[in-house]
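Below is one structure; the comments refer to it alone.
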Amino acid sequence: MKRVGVLVGREKTFPEAIIRGINERGNGEVIAEYIKLGGIQYDAPPKYDLVIDRISHEVPFYRATLKRMALEGTIIINNPFWWSADDKFFNYSLGRKLGVAIPKTVLLPQKDYMEGIISESLRNLEFPLDWQGIIDYVGLPAFLKPFDGGGWKNVSKVNSLEELWAEFDKSGTLCMTLQESIDFDQFVRCYCVGQEEVMIMAYDPRKPYLSGEQYVHNPNYLEPKLAERVRNDVRTLCTALGYDLNTVEFAIKDGVPYAIDFMNPAPDAELASVGEFYHQWITQAVVQLVFKRLGESTEVSRYRWDALLNPEPIRAYAVASATEQASRTITPQPVASSDKVATASVETNKKTVSTATKRVPTKRKKI
């Protein structure tokens, strides 16, 4: 029998649907339940084969517990090691290199710092900051938002340099980014499950949460060619980041989908929020993923940080955009005739093979 644990916060309908779906399909051979955690012993045997994480990004005790579970071989959706290391500014930079359209973004120094950080601690920082240069690059209006936040928390839209200063002064110790505002024609939020299954959802971020107006079920919301580009961008980003459950948001302007948010490894899936159709789709997709992951073979644990960041099996690798690849391509210079390596033709099995005379012969052991 295999056990699946579900770690949750305030949400109700999605985790309950997940547990019900796993238990119905598991037929006693796979059992899902809510996790109960107390003091965690560092040498306790693993209790779960797989854990679905919905809340550890907000509770450090949960995050540390999941890392320890992963060390013991438990499959975690999503990988707690990478999730801990990730941030949205890195994501934007990575997305650009992968050829995904990304709004212009600048990472800003913090406004305030924890106790003990004094002026001498920050002598590498530019002061005063070139605010005008930042505005000239990003443009106005722009969005000021945490570099690793989510759920539209601490996000503000600024229309002038004075508004930017006022909002920045409120940010405290949060590290913020300033991002170009895309005056979108269309907006979509896309579920991605297992780095393969993609559901494009018409979404209006301007509508209130739980208003019933944010998500609209419209399979033809995007024209086919644009929808295919969005799906490809979603898979490219989630494969590069290694997230098995994520949402990617696109602000679409003049036919170009700009990825503005794709670090959502515990995406909203509540019935009252996303609606019945999307709630059922994401539930079924995650249940399917759970059984797929449980059925995959696992290799012997490698107790190294990189192995925990990149556990086997690795499905695919993201490829840099053509522009990025071109910028890294070195064109060999023509070789002068005096420097050319002499070649000799040798006949082997009546076939002529050109062999470099300067090549170092391979030493072989006598048998």
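Taking 0.36 nm per intervening residue step and subtracting the Cα-Cα distance, what contour gain separates E58 from T13 on full extension?
Full extension of this stretch gives 14.2 nm more.
Among V155, L122, L140, whose Cα projects farthest towards the positive end of the dipole of segment 104-180, with charges put on the beta-carbon of Lys, Arg (+1) and Asp, Glu (-1)?
Farthest towards the positive pole: V155.
Do any GluC sites (Glu not before Pro) in segment 91-156 lie in a DSSP loop with no more than 13 other beta carbon atoms within 10 Å, and if so, which?
Of the GluC sites (Glu not before Pro), the ones in loops of segment 91-156 whose Cβ has at most 13 other Cβ atoms within 10 Å are E115, E126.
List the aspartates and glutamates whose alpha-carbon lies under 12 Å from that of K2, not counting same-chain residues fewer than 8 positions away?
E29, E33, D49
With a Förster radius of 22 Å, plug the Cβ-Cβ distance of L107 and V319 into 1/(1 + (r/R0)^6) and report the FRET value to the nearest 0.05.
Efficiency at R0 = 22 Å is approximately 0.30.
Kindly identify segment 213-291 as rounded, prolate or oblate by the Cα gyration tensor criterion: order the square roots of the eigenvalues as a ≥ b ≥ c, call it rounded if a/c is under 1.5, otherwise compare a/b with b/c, prolate if a/b is larger, else oblate.
Taking the square roots of the gyration eigenvalues as a ≥ b ≥ c, segment 213-291 is oblate.
Once you've got the Cα coordinates, tell me which of K12/K145; K67/K207; K157/K292; K88/K225 are over 30 Å apart.
K67/K207; K157/K292
I'd like the Karplus ³J(HN,Hα) series for segment 76-85: coefficients 6.51, -1.76, 1.60, θ = phi - 60°, whole numbers in Hz, and an x wherever there's a Gly or Pro.
10, 10, 9, 3, x, 5, 5, 4, 5, 7
By count of other Cβ within 10 Å, fewest leading, how are K88, K2 ordered?
K2, K88
Given a Förster distance of 25 Å, report the FRET efficiency between L210 and Q280 from their Cβ-Cβ distance, rounded to the nearest 0.05.
It comes to 0.85.
Any idea how far apart W165 and L122 come out in nm if each label point goes 7 Å out from Cα toward Cβ?
A separation of 1.6 nm, rounded to one decimal place.
Every number in this text was worked out from the coordinates using simple rules, so none of it is lab data. Everything numeric here is computed off the predicted structure, so don't read it as measured data. Virtual Cβ from ideal backbone geometry, glycine too; neighbours counted across all protein chains shown.
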